[in-house]
Amino acid sequence: MNYKCPVCKKEWPTSLQVARHIFGTGDKPHREWVGSKGYSYIDLLLEQVSAPGNKSYEIMSKLVEEEQDKIK
Amino acid sequence: MSTEIKELKFTTFKTNIKYSVINKRVHNIDGLAKVTGRATYTFDVKLPNMLYGKILRSPHPHARIVNIDASKALAMPGVIAVATGKDTPGVKQGIWRRYPELCDEQILPLEKVRYIGEPVAAVAAVTEEIAEKALELIDVEYEVLPPVFQPLDAIRKDAPIIHEGVERNINVTRHIEWGDVDDAFAEAEKDGYIREDWFRTSSQHHMCMETRAAVSSFTPDGKLTVYCSTQSPYYMQALLAGVLDMREGDIRVIAHYVGGGFGGKFELDAAIFCSAVLSKKTFRPVKIVFTREEDFIASKRRTPMHYYIRTAMKKDGTFLAREVRVFTNGGAYTGMGATALYLTGFFCSFPYKWRGYRYDGYRVYTNTLPSTAMRGFGAPQAMFCSEQQIEWMCADLGLDPYEVRRKNAHTECYEVPGQAYIQSCGMTQCIDKIEAWAKSKGNLGPNRAIGVSAAGFMSGGIFNWFDTPYSFSSAVVVINYDGKVDLYVGCQEIGQGSNTTMAIICAETLGVKIEDINVYSGDTAHSPADLGAWGSRQTLMAGNAVKMAAEDAKRQLLEFAYAEMGLNIVYDLDIKDRWVHVIARPERGMKYEDLVKRAIRGKDGQRIIGRGYYTPHRKGMISPAYSYMMQAVDAEIDPETGKITLHEVMTAHDCGQPINPLGLIGQLEGAASMALGFGYLEDQPMDEGKILNPNLVDYKVIRATEMPKTDMIEIDTYEAEGPYGAKEAGEGLTNPTAAALGNAIFHALGLQMKELPITSEKIVNALKEKKEKQGK
């Protein structure tokens, strides 16, 4: 099963790839979607760079997975 | 100082072809014009009725432009025009035509200035002196805004916003990842070794012999001709069309001789833009030449970086995973810095195989001179951090650093997951050669050691952020009645020997002498579109286009030869050294000149024309091919003063088939001087955003007397994607040097230097710190 971006509906085989796409795109609609889920896009970015591990990408992957059923 | 190629040895794919022109030591075909002073650089261009332009620059790092009053300047005798942002279409420009949000720079800004030295207005006058004086008469009212200079300050919540709408001043982010990084780190935590380090790399000026310069001439028929110092006439033509609201075809860009580029001259600069705007206003030619100081303060720079690297390896030295985080100081605008951000992340994995690799890069706007591409394109910064950390990890574990590098090195036909396909690769041979060389030197005595570093680099970039609709490189070969060949190329000669390389490839392919070739480049009116001289792309990309064009022309000639000679169709013909012959019976043939004459008559008087082009396909994300190298720096350090004495730089280098060994030596020496400067001398310290050393007294570049002996062992592989097996040779040689110097200092004094440049002062301080720690 492919995972879709909740904003632009582009598809990738894994939710991590969608997470990368969202971070990499970073335009207003994508940032706002992250905001609507209760997270700050910028803070997640900074968390990713300032702490070891891959926490922010994992959070985003989870958000993407949770959203799949709602994407038309 | 001397350079020689010690050895030429085929290692990867041995070819039995004997070349007539390739791999011969050829002097640059434009050398005579240069050494006799007849080469016309932009500085030398003088047109009738020409005006001289000067640029007024911002004294503030961050300010709103409230008003510009040029009335007093315009009243000054000899002043013809003043241009401000209001005289332009106000287009935010940049090389990122596929990504408009990254096109963020108005060269004459309408609302805000974002760094000290940013252009605010430009004057055209009958003399340069009058233009200079007139600048003092322009009144600019600013509303000064709070500035921010460091990326780690600029991302804070309360930091001033430099570009409206760009949250926390984060300009661009880049992420690269493959494999299960966390799993690999977990394995290392159980039974391996993990090390993390923080580094800082510095700024560097491109230091071209020729400063930015342009002469623009706009005529009443709506045509614009621009003579300029650029790495890409095609880019300048297209970018000018965008910012001036003109058609590309109405703009002609001429750059016959260029005094160096090094990555700093393929964006639109203020000399080009302001001279064009002033010429459009006055209908007279306008010349602008940057002073050396202007070049320092307003022509962009190498990207300074904050680097964090965490690396995991098995106890036997097998690499497991690497995690890299980078913040770069982007300065006020995007420029080419976004690509440097990607490439530094990619090349920090080079030239090794990793089970898992993760990179997060952040480019941050600050109120400083914008950073951009510079020779190595982010890779020298990556290698400085990566290769020192590898050396330290080997020391920590008691492993042989040569063996560890060999164990993990790229090999032929390796795929960097999701990123790159490696075809030819001479990395392990490079390691073998440098290890043997270093060991042959024996004991060097106290405070002196050899440090090594591996590296690799791309042979041109695949990325098409410019969104060009044209082939990446194109060439046209025209054979005339007397056998002379006109070669039209869009690739750009900037002093690196591009025209000579193209002439060699053309001559070899056609089977003629190099003196039979006339190369025409650097003029958009005659040269086919080509992306230009950056990213080590020309030998492979333009070389392939030239080879294809020459093969096309040669095929047409040989068709006539077949008919003329009445041969059995199973016989093959070729041309070598101007002799058209049957390959199996070389004595049977005819003169090239005779064949050309007959062929042209046979084509109803048409000259023989061959066309060639090249655009990479199915070669991954980065480049069609990669060079490899291992470099050793022999350095001695005075522990009292921290002074570094460089004894020798030896490089084992895989650039595929060398096209011109003399050109290769020139690239090696140039790269060594630039990269050693990056390693221990060059920096651009700032105070409140103002560069403190914008002159050649205070900005230290390596001098001839400080230049060590540089030698090369060429590892001669064959790259299937390159013309005659050639790939990158030149830019990549900048990558390993600072790291090798750092490793020499590590082995000589036991210091781990994490900040560039490694100045004498830093060495003395590090020694003091080491002694204090030992005392405790």
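The values are calculated or read from the model by the stated rules, or taken from the named source; none is laboratory data. This is a predicted model, so every value here is computed, not measured. A quick note on method: Cβ atoms are made from the backbone with ideal geometry, for glycine too, and the neighbour counts reach across all protein chains shown. Heads up: the accessible areas ignore ligands, DNA and RNA and are worked out on the full protein's heavy atoms, side chains in. Shrake-Rupley method; radii C 1.70, N 1.55, O 1.52, S 1.80 Å.
Anything in the stretch B:61-73 that is assigned to a loop (DSSP other than H, G, I, E, B) and within 28 Å of B:V215 (Cα to Cα)? List them, or say none. Full working, then the answer.
In the first step, residues of the stretch B:61-73 are kept if they are assigned to a loop (DSSP other than H, G, I, E, B); the result is B:61-62, B:70.
Result: B:A70, single match.
With open to solvent by 60 Å² or more (accessible area, probe 1.4 Å) and touching a residue at least 60 places away in the same chain (Cβ under 8 Å) as the only criterion, which of B:V144, B:V243 stands out? Talk me through it step by step, then tell me what you get.
Working: B:V243 fails: open to solvent by 60 Å² or more (accessible area, probe 1.4 Å).
Checking each option against the conditions leaves just B:V144.
Would you check which residues across the stretch A:28-52 are open to solvent by 40 Å² or more (accessible area, probe 1.4 Å), of a type in the set (S, T, N, Q) and within 12 Å of chain B (Cβ to nearest Cβ) and list them?
A:S40, A:S50
Report yes if some residue within the stretch B:498-515 is touching a Pro at 6+ places or on another chain (Cβ under 7 Å) and hydrophobic (A, V, I, L, M, F, W, C); otherwise report no.
Scanning the stretch B:498-515 turns up at least one residue that is touching a Pro at 6+ places or on another chain (Cβ under 7 Å) and hydrophobic (A, V, I, L, M, F, W, C).
List the number of the failed condition for B:K300; all other conditions in (1) open to solvent by less than 10 Å² (accessible area, probe 1.4 Å); (2) closer than 19 Å to B:I95 by Cβ; (3) in contact with a strand residue (DSSP E or B) (Cβ under 6 Å, 6 or more places away or on another chain) hold.
The one condition B:K300 does not meet is (1).
Hey, any hits in the stretch B:472-489 for a residue that's assigned to a helix (DSSP H, G or I) and either open to solvent by 10 Å² or more (accessible area, probe 1.4 Å) or free of Cβ contacts under 8 Å to residues at least 24 places away in the same chain (or both)? Walk me through it before giving the result.
The first filter runs over the stretch B:472-489 and keeps only residues assigned to a helix (DSSP H, G or I), leaving none.
Checking the stretch B:472-489: not a single residue is assigned to a helix (DSSP H, G or I) and either open to solvent by 10 Å² or more (accessible area, probe 1.4 Å) or free of Cβ contacts under 8 Å to residues at least 24 places away in the same chain (or both).
Identify, by number, the condition in (1) touching a residue at least 60 places away in the same chain (Cβ under 8 Å); (2) within 13 Å of another protein chain (Cβ to nearest Cβ); (3) of a type in the set (D, E, K, R); (4) surrounded by fewer than 16 Cβ atoms within 10 Å (Cβ to Cβ) that B:R195 doesn't meet.
B:R195 satisfies all of (1) touching a residue at least 60 places away in the same chain (Cβ under 8 Å); (2) within 13 Å of another protein chain (Cβ to nearest Cβ); (3) of a type in the set (D, E, K, R); (4) surrounded by fewer than 16 Cβ atoms within 10 Å (Cβ to Cβ) except (4).
Taking B:A550 as meeting all but one of (1) modelled with pLDDT of 95 or more; (2) in contact with a helix residue (DSSP H, G or I) (Cβ under 9 Å, 6 or more places away or on another chain); (3) open to solvent by 20 Å² or more (accessible area, probe 1.4 Å), write down the number of the exception.
(3)
Which residues, counting only those in the stretch A:15-27, are within 11 Å of chain B (Cβ to nearest Cβ) and in contact (Cβ under 8 Å) with a residue 24 or more places away in the chain?
The initial filter retains those residues of the stretch A:15-27 that are within 11 Å of chain B (Cβ to nearest Cβ), namely A:16-17, A:19-27.
Matches in the stretch A:15-27: A:L16, A:A19, A:R20, A:I22, A:F23.
State all residues of the stretch B:671-686 that are over 18 Å from B:R200 (Cα atoms) and either open to solvent by 50 Å² or more (accessible area, probe 1.4 Å) or out of contact with any helix residue (DSSP H, G or I) (no Cβ under 8 Å at 6 or more places or on another chain) (or both); if no residue qualifies, say none.
Residue satisfying the conditions is B:S673 alone.
Step by step: first the residues of the stretch A:59-72, then only those that are touching a residue at least 40 places away in the same chain (Cβ under 8 Å) and open to solvent by 60 Å² or more (accessible area, probe 1.4 Å), then the one that is nearest to the other protein chains (Cβ to nearest Cβ). Which residue is that?
A:K62
So which residues in the stretch B:339-352 are under 10 Å from B:A373 (Cα atoms) and either touching a Lys or Arg at 6+ places or on another chain (Cβ under 6 Å) or polar (S, T, N, Q) (or both)?
Result: B:T339, B:L341.
Taking the stretch B:195-217 as the region of interest, how many residues are acidic (D, E) and not in a strand (DSSP E or B)? I'd like the intermediate steps shown before the answer.
Of the residues in the stretch B:195-217, the ones acidic (D, E) are B:196-197, B:210.
Pick out the ones that are also not in a strand (DSSP E or B) and you get B:210.
Total satisfying the criteria: 1.
Can you name every residue in the stretch B:658-676 that is more than 14 Å from B:F262 (Cα to Cα), assigned to a helix (DSSP H, G or I) and touching a Lys or Arg at 6+ places or on another chain (Cβ under 8 Å)?
Matches in the stretch B:658-676: B:P661, B:L662.
With the structure loaded, tell me whether B:I622 is surrounded by 20 or more Cβ atoms within 10 Å (Cβ to Cβ) and at pLDDT below 95 or whether it fails that test. Please lay out each step first, then the result.
Working: surrounded by 20 or more Cβ atoms within 10 Å (Cβ to Cβ): yes; at pLDDT below 95: yes.
Yes: the conditions hold for B:I622.
Can you name the residue in the stretch B:159-186 that is facing another protein chain (nearest Cβ under 10 Å), in a helix (DSSP H, G or I) and open to solvent by 50 Å² or more (accessible area, probe 1.4 Å) and is also nearest to B:N329 (Cα to Cα) among such residues?
Among those residues, the one meeting the criterion is B:E167.
For a quick check of your reading of the model, give me the residue pairs whose first member lies in the stretch B:690-716 and is farther than 27 Å from B:G666 by Cβ and without any contact (Cβ under 8 Å) to a residue 60 or more places away in the chain, whose second is open to solvent by less than 80 Å² (accessible area, probe 1.4 Å) and assigned to a loop (DSSP other than H, G, I, E, B), with beta-carbon atoms closer than 6 Å and at least 6 apart or on different chains.
B:L692/B:P685
For the stretch B:599-657, how many residues meet the condition of being of a type in the set (F, W, Y) and farther than 29 Å from B:P380 by Cα? Show your work before the answer.
Initially, the stretch B:599-657 is screened for residues of a type in the set (F, W, Y), giving B:613-614, B:626, B:628.
Restricting the remaining residues to those that are farther than 29 Å from B:P380 by Cα gives B:613.
Here the count works out to 1.
Among the listed residues B:Q237, B:Q231, which satisfies the condition of being out of contact with any strand residue (DSSP E or B) (no Cβ under 9 Å at 6 or more places or on another chain), buried (at least 22 other Cβ atoms within 10 Å of the Cβ) and in contact (Cβ under 8 Å) with a residue 12 or more places away in the chain?
Details: B:Q237 fails: out of contact with any strand residue (DSSP E or B) (no Cβ under 9 Å at 6 or more places or on another chain).
Going through B:Q237, B:Q231 in turn, the sole match is B:Q231.
Rundown of residues vs (1) within 12 Å of another protein chain (Cβ to nearest Cβ); (2) small (G, A, S); (3) under 27 Å from B:A159 (Cβ atoms), yes/no style:
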residue	(1), (2), (3)
B:G317	no, yes, no
B:A332	no, yes, yes
B:T344	no, no, yes
B:W354	no, no, no
B:R363	yes, no, yes
B:S371	no, yes, yes
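Considering only the stretch B:274-289, state which residues are within 27 Å of B:Q204 (Cβ to Cβ) and open to solvent by 10 Å² or more (accessible area, probe 1.4 Å).
Across the stretch B:274-289, the qualifying residue is only B:V289.
Determine which member of the set B:M383, B:M393, B:M336, B:M374 is among the aliphatic types (A, V, I, L, M) and surrounded by fewer than 24 Cβ atoms within 10 Å (Cβ to Cβ). Spell out how you get there, then give the answer.
Numbers: B:M383 fails: surrounded by fewer than 24 Cβ atoms within 10 Å (Cβ to Cβ); B:M336 fails: surrounded by fewer than 24 Cβ atoms within 10 Å (Cβ to Cβ); B:M374 fails: surrounded by fewer than 24 Cβ atoms within 10 Å (Cβ to Cβ).
One residue alone meets the criteria, B:M393.
Any residue that is more than 14 Å from chain A (Cβ to nearest Cβ), without any contact (Cβ under 8 Å) to a residue 12 or more places away in the chain, open to solvent by 10 Å² or more (accessible area, probe 1.4 Å) and over 17 Å from B:H62 (Cα atoms) - is there at least one of those in the stretch B:86-94? Please lay out each step first, then the result.
Step one: filter the stretch B:86-94 for residues more than 14 Å from chain A (Cβ to nearest Cβ), giving B:86-94.
Checking the rest, the ones that are also without any contact (Cβ under 8 Å) to a residue 12 or more places away in the chain come to none.
Scanning the stretch B:86-94, I find no residue that is more than 14 Å from chain A (Cβ to nearest Cβ), without any contact (Cβ under 8 Å) to a residue 12 or more places away in the chain, open to solvent by 10 Å² or more (accessible area, probe 1.4 Å) and over 17 Å from B:H62 (Cα atoms), so the answer is no.
Can you tell me how many residues within the stretch B:680-733 are under 24 Å from B:S498 (Cβ atoms) and assigned to a strand (DSSP E or B)?
Qualifying residue count, the stretch B:680-733: 6.
Could you check how many residues of the stretch B:92-112 are aliphatic (A, V, I, L, M) and at pLDDT 95 or above? Full working, then the answer.
Filtering the stretch B:92-112 for residues aliphatic (A, V, I, L, M) gives B:95, B:102, B:107-108, B:110.
Pick out the ones that are also at pLDDT 95 or above and you get B:107-108, B:110.
Residues meeting the conditions: 3.
When the stretch B:724-752 is examined, which residues are found to be of a type in the set (A, V, I, L, M, F, W, C) and open to solvent by less than 10 Å² (accessible area, probe 1.4 Å)? First the steps, then the outcome.
Keep residues of the stretch B:724-752 that are of a type in the set (A, V, I, L, M, F, W, C), which gives B:726, B:729, B:733, B:738-741, B:744-746, B:748-749, B:751.
Scanning the stretch B:724-752 gives B:A726, B:L733, B:A738, B:A739, B:A740, B:L741, B:A744, B:I745, B:L751.
Mind listing whichever residues of the stretch B:100-145 are in contact with a strand residue (DSSP E or B) (Cβ under 9 Å, 6 or more places away or on another chain) and either on the phi > 0 side of the Ramachandran plot or within 14 Å of chain A (Cβ to nearest Cβ) (or both)?
Listed by number, the residues that qualify are B:L102, B:G117.
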